[in-house]
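Peer 1: Sharing a structure with you now.
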Amino acid sequence: MSPPVAPPGWSRWLVPPAALSVHLSIGQAYAWSVFKPPLESALGLSGTQSALPFQLGIVMLGLSAAFGGTLVERNGPRWAMTVALICFSSGFLLSALGAATEQYWLIVLGYGFVGGIGLGIGYISPVSTLIKWFPDRPGMATGIAIMGFGGGALIASPWSAQMLESFGSDSSGIALAFLVHGLSYAVFMLLGVLLVRVPRSEKPVESAPSAFDGPQVSARNAVRTPQFWCLWIVLCMNVTAGIGILEKAAPMITDFFKETSTPVSVSAAAGFVALLSAANMAGRIGWSSTSDLIGRKNIYRVYLGVGAVMYGLIALFGDSSKPLFILCALVILSFYGGGFATIPAYLKDLFGAYQVGAIHGRLLTAWSTAGVLGPLIVNWIADRQEDAGKSGADLYGLSFMIMIGLLAVGFVANELVRPVSARHHIPAPREAADVTARQQSESA
Amino acid sequence: MSQPDSSQSPPDRRPLIALAWVWVGAPLAYGLYELVQKATQLFTK
């Protein structure tokens, strides 16, 4: 499939909603927990078993983004969005069949394996195209799309819960809910497939610079540069620090204020988790857009440096002031989201727009690593501290110190980022890079 | 083969832009509304 070239007069403001339709859909993955209790009671599963489809989905997200990135660059965003639509929706349909026949392995295969491929390809599908349409504001453009991934769970979580309430939480109710999800997301994502276009020329906006200005590096060469691995560490450390809070947010705020005069109720803790989601989403669009003004290196200095200070404040004074605890946690989560959303623009600055989507896909392995590392650190340490007879805020003090250390490592890695050596640049960037321009000349 | 009329202006995309943003904005607004409802529990309960 050749990339769909925009007709004359096509507005670049049609591309962000196309990207959002995909990201808002695949962001449903973070609302998987809604299905866990009904699946456990309907199919007699343990908590670990019911988490399998989500875990496999996230593993497949990382793998398909890493290995499918070059295909996405070669075949264009419409192909990628179509693949994402087919995989994500058929993952739900297979899961519906699995629930209806009470064959749990089909749910793992469908939602986790097939749907997970949709997650990975869908996640990177609009990145390169948005950067080419918005060379003047790449941070804002990719921030809008990646904000959608955060927003997907906000929509899916209440929607799925209401659906299970209406259809019932037995296996046939779950099957029907999966079926409706699969069909609805297919229709919703179709907007992205139909609307997405690559720009006719490398300068879609006359007054803006071209996305292909400056050095261009292929995905194959990018992974051989120290810059790629520095950014890998930066992303991994930033995400680990965010997950450290996000993973245990509700028990954490309850534990912190358990022995104080203002304990936190279960519903208030749920409110805290919701507020963190809002900060995560706002950070994606807000901080990423700010990076267009102050530069990518500077914004990561803020994420990592100020993030470490926030962790330090929580560790030292968090249990004495609820507003301070909440404020610091919100700032950390906004940096977590910002870190995700700003990384494509950082990659574009260093490696050019030529294969930025494929490079971004490879970098997402840092996310998969952090997804294991963050919860492991916080949960393992909290369990050990509890075994040692500690309680309240003392359960988390050591974890927070480790997070500060990890953020410091990320800060140093960011400082080490320098422009990519000329030996990694592709020889004739413009001819090789401008796929759309080449296509135009071929079809003329 | 007939050549495209260069004097013809491209179609007005504004209705399509509005439709596309409503398409993604409406569910997002629903999600945000539900989020705000939940988040207020932190301060009220």
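Peer 1: Counting just the residues of segment A:252-298 that are within 11 Å of another protein chain (Cβ to nearest Cβ) and part of a loop (DSSP other than H, G, I, E, B), which one comes out most open to solvent (accessible area, probe 1.4 Å)?
Peer 2: Among them, the one singled out is A:265.
Peer 1: What are the pairs with Cβ atoms under 7 angstrom where one residue, in segment A:12-23, is more than 9 Å from every other protein chain (Cβ to nearest Cβ) and the other, located anywhere, is among the hydroxyl-bearing types (Ser, Thr, Tyr) and crowded, with 24+ Cβ neighbours inside 10 Å? Sequence gap at least six, or different chains.
Peer 2: A:15/A:129; A:22/A:125
Peer 1: Out of segment A:1-24, which residues are assigned to a loop (DSSP other than H, G, I, E, B) and open to solvent by less than 10 Å² (accessible area, probe 1.4 Å)?
Peer 2: A:6
Peer 1: Further question: Pairs, please: C-beta under 9 Å, at least 6 apart or cross-chain, first residue under 19 Å from residue B:36 (Cβ atoms) and in segment A:155-171, second open to solvent by less than 70 Å² (accessible area, probe 1.4 Å) and charged (D, E, K, R)?
Peer 2: Listed by first residue and then by second, the contacts come to A:155/B:34; A:157/B:34; A:158/B:34; A:159/B:34.
Peer 1: Here is a follow-up. Here is a check on your reading of the model: is residue A:142 modelled with pLDDT under 95, touching a Ser or Thr at 6+ places or on another chain (Cβ under 7 Å), open to solvent by less than 30 Å² (accessible area, probe 1.4 Å) and not small (Gly, Ala, Ser)?
Peer 2: yes
Peer 1: Given the conditions (1) open to solvent by 30 Å² or more (accessible area, probe 1.4 Å); (2) within 14 Å of another protein chain (Cβ to nearest Cβ); (3) assigned to a loop (DSSP other than H, G, I, E, B), which single one is not true for residue A:224?
Peer 2: (2)
Peer 1: List pairs: first residue in segment A:90-106 and within 15 Å of residue A:169 (Cβ to Cβ) and modelled with pLDDT of 95 or more, second residue of a type in the set (Gly, Ala, Ser) and surrounded by fewer than 17 Cβ atoms within 10 Å (Cβ to Cβ) anywhere in the structure, Cβ distance under 8 angstrom, at least six positions apart or on different chains.
Peer 2: That search, which allows pairs on different chains as well, returns A:99/A:172; A:100/A:172.
Peer 1: Could I ask something else about it? Can you tell which of A:128, A:171 is at pLDDT 90 or above and outside the structural domain of residue A:289 (by TED's automatic domain parsing)? Reasoning before the result, please.
Peer 2: Details: A:128 fails: at pLDDT 90 or above.
A:171 is the lone residue from the list that is at pLDDT 90 or above and outside the structural domain of residue A:289 (by TED's automatic domain parsing).
Peer 1: Does segment A:376-394 contain at least one residue that is modelled with pLDDT of 90 or more, buried (at least 18 other Cβ atoms within 10 Å of the Cβ) and either touching a Phe, Trp or Tyr at 6+ places or on another chain (Cβ under 7 Å) or not assigned by TED's automatic domain parsing to the domain that holds residue A:135 (or both)?
Peer 2: Taking every residue of segment A:376-394 in turn, none turns out to be modelled with pLDDT of 90 or more, buried (at least 18 other Cβ atoms within 10 Å of the Cβ) and either touching a Phe, Trp or Tyr at 6+ places or on another chain (Cβ under 7 Å) or not assigned by TED's automatic domain parsing to the domain that holds residue A:135 (or both).
Peer 1: Would you be able to say whether some residue in segment A:405-417 is at pLDDT 85 or above, assigned to a helix (DSSP H, G or I), touching a Phe, Trp or Tyr at 6+ places or on another chain (Cβ under 8 Å) and under 30 Å from residue A:200 (Cβ atoms)?
Peer 2: There is no residue in segment A:405-417 that is at pLDDT 85 or above, assigned to a helix (DSSP H, G or I), touching a Phe, Trp or Tyr at 6+ places or on another chain (Cβ under 8 Å) and under 30 Å from residue A:200 (Cβ atoms).
Peer 1: In segment A:162-203, which residues are surrounded by 19 or more Cβ atoms within 10 Å (Cβ to Cβ) and within 14 Å of chain B (Cβ to nearest Cβ)?
Peer 2: Across segment A:162-203, the qualifying residues are A:163, A:181, A:185, A:188, A:189, A:191, A:192, A:193, A:195, A:196, A:197.
Peer 1: Note down all Cβ pairs under 8 Å where the first residue falls in segment A:367-379 and is more than 15 Å from residue A:232 (Cβ to Cβ), the second is modelled with pLDDT of 85 or more and among the hydrophobic types (A, V, I, L, M, F, W, C), and they're at least six residues apart or on different chains.
Peer 2: A:374/A:239; A:374/A:241; A:377/A:402; A:377/A:403
Peer 1: Mind listing whichever residues of segment A:37-87 are small (Gly, Ala, Ser), in a helix (DSSP H, G or I) and open to solvent by 40 Å² or more (accessible area, probe 1.4 Å)?
Peer 2: Selection gives A:41 alone.
Peer 1: Can residue A:158 be described as within 14 Å of chain B (Cβ to nearest Cβ) and either over 30 Å from residue A:271 (Cβ atoms) or surrounded by fewer than 24 Cβ atoms within 10 Å (Cβ to Cβ) (or both)?
Peer 2: Spelling it out, residue A:158 is indeed within 14 Å of chain B (Cβ to nearest Cβ) and either over 30 Å from residue A:271 (Cβ atoms) or surrounded by fewer than 24 Cβ atoms within 10 Å (Cβ to Cβ) (or both).
The values are calculated or read from the model by the stated rules, or taken from the named source; none is laboratory data. Nothing here was measured: the structure is a model prediction, and the numbers come from that model. Glycine also receives a Cβ, built like all others from the backbone with ideal geometry; neighbour counts cover every protein chain displayed. Only protein heavy atoms, including side chains, enter the accessible area calculation; ligands, DNA and RNA are left aside. Shrake-Rupley method; radii C 1.70, N 1.55, O 1.52, S 1.80 Å.
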